[in-house]
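Asks: Here's a structure for you.
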Amino acid sequence: MKIAILSRNKKLYSTRRLIEAAEARGHEVRVLDVLRCYMNIASHKPQIHYQGEVLEGFDAVIPRIGASVTFYGTAVLRQFEMVGVYPLNESVAITRSRDKLRSLQLLSRKGLGMPVTGFAHKPGDIQDLIKMVGGAPVVIKLLEGTQGIGVVLAETQKAAESVIEAFMGLRANILVQEYIAEAGGADIRCFVVGDKVVASMKRQGAEGEFRSNLHRGGTASIIRITPEERSTAIRAARTMGLNVAGVDLLRSNHGPLVMEVNSSPGLEGIESATGRNVADIIIQLIEKNVGHTSTRTKGKG
């Protein structure tokens, strides 16, 4: 097969591993900077151009699209879909998962557990919003934030009111969520490929840090997940329409709660913590699906 990887940097760990895994299985791989791709949008013959060349002959495309370029990146991915190239994750699924509010609404509609979440626009509703999610402490999240940026733990009612007022004053869209104290600053990253959780790890936040992101000093270790956690992760990925996803769960007193569904999960942390060759499993999924499925909008929303 001829596989395109949409990545801004071929030296990134995840991109390198996907190249190695694909080439080890006999495939031709080309890394394309998604921002250097440009499109001829025509009904009779849509095309994708790259540095003066028309891109043709690809069987599959692996999107590794950063959050900051989601709009343009998914437009390029849609163009690949239009010319019949199999996408590892579809453009509509990526767009769906990148919208925090929309994704939580979809998860809620499917009955998946998640922290009680509030969303409001007017400062006059702040006190009732905090009460609605169970009172302080609360977690306040910027809708546009990624990798733990724009996430604040407000431990008192006054602190929560002040932070929310500040964000609203900046015209920022925010979510307010209940704080799951029993999680102890840890979450579980379940790596879903197809209809299976192929690897899982526990991410523990650094001392005094409630965010468990590895690049913020968190540590990762292999963990055995429960059947309920496994089922929840698979259902969450399926709800987003993602073939490959990193589903982040919290262990609460009332079962696993979905925190986020990531459409471009990194491979370094999960492969290092578990020893699994996740990149190879992803390439095997592509081999299984190329030529046997057509692009379609999965689910609703």
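The values are calculated or read from the model by the stated rules, or taken from the named source; none is laboratory data. Nothing here was measured: the structure is a model prediction, and the numbers come from that model. Cβ: placed from backbone, ideal geometry, glycine included. Neighbour counts: every protein chain shown.
Asks: Which residues, counting only those in the range 86-103, are over 11 Å from LEU6 (Cβ atoms), at pLDDT 95 or above and hydrophobic (A, V, I, L, M, F, W, C)?
Replies: Selection gives VAL92, ALA93.
Asks: Just one of (1) crowded, with 21+ Cβ neighbours inside 10 Å; (2) in contact (Cβ under 8 Å) with a residue 60 or more places away in the chain trips up GLU81, so point out which.
Replies: All conditions are met except number (1).
Asks: Here is a follow-up. Would a scan of the range 46-55 turn up a residue that is assigned by TED's automatic domain parsing to the domain that holds ALA75, touching a residue at least 60 places away in the same chain (Cβ under 8 Å) and hydroxyl-bearing (Ser, Thr, Tyr)?
Replies: Here is the first cut: in the range 46-55, the residues assigned by TED's automatic domain parsing to the domain that holds ALA75 are 46-55.
Right, trim to touching a residue at least 60 places away in the same chain (Cβ under 8 Å) and you get none.
So far as the range 46-55 goes, no, none of its residues is assigned by TED's automatic domain parsing to the domain that holds ALA75, touching a residue at least 60 places away in the same chain (Cβ under 8 Å) and hydroxyl-bearing (Ser, Thr, Tyr).
Asks: Is it true that some residue in the range 4-24 is more than 26 Å from the chain's Cα centre (by Cα), on the phi < 0 side of the Ramachandran plot and not in a loop (DSSP other than H, G, I, E, B)?
Replies: Going through the range 4-24, the residues more than 26 Å from the chain's Cα centre (by Cα) turn out to be 24.
Next cut, on the phi < 0 side of the Ramachandran plot only: 24.
Then keep just the ones that are not in a loop (DSSP other than H, G, I, E, B); that gives 24.
Yes, because at least one residue in the range 4-24 is more than 26 Å from the chain's Cα centre (by Cα), on the phi < 0 side of the Ramachandran plot and not in a loop (DSSP other than H, G, I, E, B).
Asks: Just one of the numbered conditions (1) closer than 21 Å to TYR86 by Cβ; (2) within 25 Å of the chain's Cα centre (by Cα) is not true of HIS49; which one?
Replies: (2)
Asks: Identify, please: which residue in the range 145-160 is in contact with a helix residue (DSSP H, G or I) (Cβ under 8 Å, 6 or more places away or on another chain) and surrounded by fewer than 18 Cβ atoms within 10 Å (Cβ to Cβ) and is, among those, farthest from GLN105 (Cα to Cα)? Break it down into steps so the answer makes sense when it comes.
Replies: Going residue by residue through the range 145-160, those that are in contact with a helix residue (DSSP H, G or I) (Cβ under 8 Å, 6 or more places away or on another chain) are 146-148, 152, 154, 157, 160.
When the remaining residues are screened for being surrounded by fewer than 18 Cβ atoms within 10 Å (Cβ to Cβ), the result is 146-148, 157.
On the way: THR146: 19, GLN147: 21, GLY148: 21, GLN157: 26 Å.
Here the residue is GLN157.
Asks: Another question about this same structure. Kindly evaluate ARG102 against the criterion of being of a type outside the set (Ser, Thr, Tyr), touching a Lys or Arg at 6+ places or on another chain (Cβ under 7 Å) and closer than 23 Å to ASN243 by Cβ. Steps first, answer last, please.
Replies: Numbers: of a type outside the set (Ser, Thr, Tyr): yes; touching a Lys or Arg at 6+ places or on another chain (Cβ under 7 Å): yes; closer than 23 Å to ASN243 by Cβ: yes.
Yes.
Asks: So which residues in the range 93-111 are over 14 Å from the mean Cα position of the chain (by Cα) and buried (at least 20 other Cβ atoms within 10 Å of the Cβ), if there are any at all?
Replies: Step one: list which residues in the range 93-111 are over 14 Å from the mean Cα position of the chain (by Cα), which gives 105-106, 108-111.
Scanning the range 93-111 gives a single hit, LEU106.
Asks: Follow-up question, since we're still on this one. Could you go through the range 281-295 and let me know if any residue there is at pLDDT 95 or above and charged (D, E, K, R).
Replies: Yes: the range 281-295 contains one or more residues that are at pLDDT 95 or above and charged (D, E, K, R).
Asks: How do the strands (runs of 3 or more DSSP E) wholly within the range 128-218 filter down when requiring 1 or more residues that are within 19 Å of LEU257 (Cα to Cα), modelled with pLDDT under 90 and assigned by TED's automatic domain parsing to the domain that holds GLU268: which remain? First the steps, then the outcome.
Replies: Numbers: elements: 138-142, 151-154, 174-178, 186-193, 196-204.
Fully inside the range 128-218 and qualifying: 186-193, 196-204.
Asks: I'd like the full set of residues that are at pLDDT below 95 and either under 15 Å from ALA279 (Cβ atoms) or of a type in the set (Ser, Thr, Tyr) (or both), limited to the range 13-59.
Replies: SER43
Asks: Scanning the range 19-57 for residues that are among the basic types (Lys, Arg) and closer than 17 Å to LEU6 by Cβ, which turns out surrounded by the fewest Cβ atoms within 10 Å (Cβ to Cβ)?
Replies: From the range 19-57, those among the basic types (Lys, Arg) are 25, 30, 36, 45; that's our starting set.
Okay, now just the ones that are also closer than 17 Å to LEU6 by Cβ, so 30, 36.
Numbers: ARG30: 13, ARG36: 11.
If we take residues in the range 19-57 being among the basic types (Lys, Arg) and closer than 17 Å to LEU6 by Cβ, then ARG36 is surrounded by the fewest Cβ atoms within 10 Å (Cβ to Cβ).
Asks: Give just the number: which of (1) farther than 28 Å from SER231 by Cβ; (2) touching a helix residue (DSSP H, G or I) at 6+ places or on another chain (Cβ under 9 Å) does GLU90 not satisfy?
Replies: (1)
Asks: Taking only pairs six or more apart or across chains, which ones have beta-carbon atoms under 8 Å, a first residue in the range 15-44 that is assigned by TED's automatic domain parsing to the domain that holds MET82 and closer than 21 Å to GLU268 by Cβ, and a second residue that is of a type in the set (Phe, Trp, Tyr) and part of a helix (DSSP H, G or I)?
Replies: Final answer for the pair search is VAL34/TYR72.
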